[in-house]
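The values are calculated or read from the model by the stated rules, or taken from the named source; none is laboratory data. Predicted, not measured: the structure shown is a model, and the values here were computed from it. For neighbour counting, all protein chains shown are included, and Cβ atoms are generated from backbone atoms with ideal geometry for every residue, glycine included. Just so you know, the surface numbers come from the protein's heavy atoms only, side chains and all, with ligands and any DNA or RNA stripped out. Shrake-Rupley method; radii C 1.70, N 1.55, O 1.52, S 1.80 Å.
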Amino acid sequence: MKHYLPLLQPAALLTYLMSFLIGSLYAQTLPTLSVYIVERYQITPFYLGVFFVSLAASAMTVSQIVGVLSDKGMSRLWLIFAGMVAGALACAGFALSAHYWQALACGVFIYSFSAMTLPQIMAQGREYADQHFAAQQVPLFNAILRASFALAWVAGPPIGFYFQHTLGSINHYLSLSIAYLGVGIMAWFLLPKVQRAKVKPSKVQAPNVGAPPVSDDNHSGRIPFNLKLGFVACAILFGVNHSYIIALPQLLEQHLHIPIYNTGYILGAAAALEIPIMLLGGWLAARLPVLPLVRIGAAAAASLYLGVWLANSLWQLIALQIFNAVFIGFVAGLGMTWFQDQMPHLTGTASSLFSNAINLGNILGSLLIGLMAAWVGYQHLYLANTLCALIAVALLFFCKNK
């Protein structure tokens, strides 16, 4: 226990806090956005898919470009602040958009810039950890940082749906706009300053966590083939997770005839379970190779979607969240660490690459909603999710734990 006390120093605690606050805003925005778009503009699943495909594509482009620029010296603190300002402007835009196409433009040209916030705070945290902690402490620090983000999803979705129901969507998003700006200012002043220096290989590579040897690819910016394969697998996994979240309110209402606000409780239950599993994953990653743990998380995702496809009551959906928690804890929680270990001298690029696996997944997930849900309905969408997750599991077994 004494070995991990440095992870509780004030600068580290402030980093966890900011990850939590930033996560809380996304947890209140993204789950409610699909409901808002459908109800306000009365659109079909196809146009809902178009909205989230466009949003994810623009976010992916912004995030990867910014990731490369940040590795070349651009201030990560400035980028985090700018991303939160973009979130503030976008939420105000969503509230004031009178037509679907206005909301779409607001998402593509403004909200997409908020996507750079998460990879930048993760990269900032990784650089801070490399400079202040022993190598075996870094995976647990990353896990705590990611768990802080996940913790926000315990109360975030229920709060978001509650305020959307009580305040109305317009006032809800105007309130979120103010909150985004406030958290951005806090991040500027509270996040620890990190000296931008090259990371020594010995600080990043711990043999007991399966870190790769330094290669020319790490310095040139070329993405290792091993990482490309993992990128595709993660994109698939986050794609089916995205379609799961976006389609869940419609599944409850149209198929199970359950009040839509229960979506918040389901997502909150998953987030509550994610926290201890993320911390467990960080503890295990200091002792075991990371990749096998990621594979376990991927298998849990396939189990989740199969269970949702077969479920016929609310309690079953809540019970299935243990699989969701294992997926998030081991894939979302440890995946970024594995990506960073493959490119130890380019943490911003690696972090943005992992973030863009999520963004590309959002595109794939939105396409699943727009095509599959419109064709076979929201229930059978989850059978397609199961098959896709199994493909991702197979791809991860072709990856090498270097």
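Key figures for this structure:
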| read-out | value |
| --- | --- |
| Residue-span extension gain [ALA319 to GLN254] - 0.36 nm each, minus C-alpha spacing | 21.3 nm |
| Whole-percent carbon and sulfur share, accessible surface of the chain, 1.4 Å | 72 percent |
| Simple Cβ-charge dipole of the chain, Lys/Arg +1 and Asp/Glu -1, about Cα centre, in debye nearest 20 | 920 debye |
| Qualifying chymotrypsin sites (Phe, Trp or Tyr not before Pro) in region 299-402, DSSP loop, other Cβ atoms within 10 Å at most 16 | PHE397, PHE398 |
| Between region 13-45 and region 286-322, the alpha-carbon center distance in angstrom | 22 Å |
| The chain: most fluctuating residue of LEU79, LEU48, LEU387 per GNM, C-alpha cutoff 10 Å | LEU387 |
| Overall dimensions of region 1-155 by Cα: Rg and Dmax, Å | 17.6, 57 |
| Accessible area expressed per residue, region 353-399, with surrounding protein chains retained (probe 1.4 Å, Å²) | 39 Å² |
| Mean Cα-pair separation over length for the chain, i.e. relative contact order, pairs under 8 Å, 6 or more apart, % | 28 percent |
| Most positive-pole-ward Cα, GLN64, GLN342, LEU118, against dipole of the chain from beta carbon charges | GLN342 |
| Calculated [θ] (222 nm, deg cm²/dmol) that DSSP helices of n ≥ 4 give over the chain, each run adding -39,500 (n - 2.57) | -25500 deg cm²/dmol |
| Percentage relative contact order, region 209-353, counting C-alpha pairs under 8 Å, at least six apart | 35 percent |
| Region 113-204, relative contact order [Cα under 8 Å, separation at least 6], % | 46 percent |
| Listed peptides 126-132, 185-191 by packing density, highest first (mean Cβ within 10 Å) | 126-132, 185-191 |
| Rounded FRET efficiency, nearest 0.05, which uses the C-beta distance separating LEU190 from ARG40 and R0 of 35 Å | 0.50 |
| Distance from region 98-126 to region 351-369 (C-alpha centre basis), Å | 13 Å |
| For the chain, built as a Gaussian network whose Cα springs stay under 10 Å, the top-fluctuating residue of PHE163, PHE225, PHE149 | PHE225 |
| Alpha-carbon Debye profile of the chain, log10 I(q)/I(0) at 0.06, 0.08, 0.09, 0.11 Å⁻¹ | -0.21, -0.37, -0.48, -0.73 |
